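Visitor: Just passing along the structure, written as structure tokens.
The values are calculated or read from the model by the stated rules, or taken from the named source; none is laboratory data. Quantities reported herein were computed from a predicted structural model and do not represent experimental measurements. Don't worry about glycine lacking a Cβ; one is built from the backbone with ideal geometry, like all the others, and counts go over all protein chains shown.
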Ligand code: 2HA
Ligand code: ZN
């Protein structure tokens, strides 16, 4: 008989958790991942789901996600253990018809709850699905170089975007909309979820100052790739600033405009300011 862990979307989810751990982005129980399941994926595992458990409060309201199923990491669970025993560390949840409650339908077999960042994940999913229903993945990690930059760069969207764009020619092509910055806030609750989901209307990535990064994407490859690209650019910037406090040369605004034309991306002028 088929197991939930045999489904392709579960295998890809587990692989992404392991890849993130191997990048060093998930110390202890750091980080979390959620995936909005496709109707055919729900159908594939439907008879293996237990839809009798009690509904619990999400901690916010996501009316547009009513009836949707998500695969999510567990609160307090370690990314490094997901590949060893997925059914103890991740779960499938269903959002109720009011968009305020969820039910665990599979997984977390030794007990537990979905990620402590469930309000941010679900509010981000809601914002994204309203923009484009192809968005399915929300990923939160603790990449060290990007976190380090949140101590030395002004916490402004335009500064983080421009400084990271300058670090690798592919950056403006990979995240042409830029990225947003949430100032330090208490994690795990509705307030930080509201601020993050506001930024997700405009961007696919939002920095949490002194904490980490949230990324959104259509699939696991794109979302992991976005996290990876941003953290790689952050690493280069940390190296550059460690060598000297100025750049002898860099990519200039007109050069970004030229790149945008050839690569058929739109780069908002707000990020191409003169310094
Ligand atoms: O511990 O990353 O933001 C999980 C987290 C909380
Ligand atoms: Zn975190």
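Visitor: Could you tell me which residue of the range 129-157 is nearest to ligand 1 (Cβ to nearest atom), considering only residues that are farther than 18 Å from residue 235 by Cα and either surrounded by fewer than 16 Cβ atoms within 10 Å (Cβ to Cβ) or at pLDDT below 95 (or both)?
Guide: 156
Visitor: Could you check the range 103-143 and list, in sequence order, the residues that are within 13 Å of ligand 2 (Cβ to nearest atom) and part of a loop (DSSP other than H, G, I, E, B)?
Guide: 115, 116, 117, 142, 143
Visitor: Can you pull out the residues in the range 210-224 that are assigned to a helix (DSSP H, G or I) and either within 14 Å of ligand 2 (Cβ to nearest atom) or closer than 13 Å to residue 141 by Cβ (or both)?
Guide: Hits for the range 210-224 are 223, 224.
Visitor: Then there is this: Would you check if residue 275 is at pLDDT below 95, more than 12 Å from the chain's Cα centre (by Cα) and more than 16 Å from ligand 2 (Cβ to nearest atom)? Write out each step before concluding.
Guide: Working: at pLDDT below 95: yes; more than 12 Å from the chain's Cα centre (by Cα): yes; more than 16 Å from ligand 2 (Cβ to nearest atom): yes.
When the stated conditions are applied, residue 275 passes them.
Visitor: Can you pull out every residue in the range 160-198 that is assigned to a loop (DSSP other than H, G, I, E, B), touching a helix residue (DSSP H, G or I) at 6+ places or on another chain (Cβ under 6 Å) and more than 16 Å from ligand 1 (Cβ to nearest atom)?
Guide: 168, 178, 179
Visitor: Let me ask another. Pick out the one residue from 207, 186, 182 that is within 13 Å of ligand 2 (Cβ to nearest atom), buried (at least 16 other Cβ atoms within 10 Å of the Cβ) and more than 18 Å from residue 229 (Cβ to Cβ).
Guide: Going through 207, 186, 182 in turn, just one is within 13 Å of ligand 2 (Cβ to nearest atom), buried (at least 16 other Cβ atoms within 10 Å of the Cβ) and more than 18 Å from residue 229 (Cβ to Cβ): 182.
Visitor: Only residues that are touching a strand residue (DSSP E or B) at 6+ places or on another chain (Cβ under 8 Å), within 15 Å of ligand 1 (Cβ to nearest atom) and not in a loop (DSSP other than H, G, I, E, B): list them for the range 21-60, please.
Guide: Residues satisfying the conditions are 32, 33, 34.
Visitor: Just to be sure, is residue 213 within 21 Å of residue 270 (Cα to Cα) and buried (at least 20 other Cβ atoms within 10 Å of the Cβ)?
Guide: no
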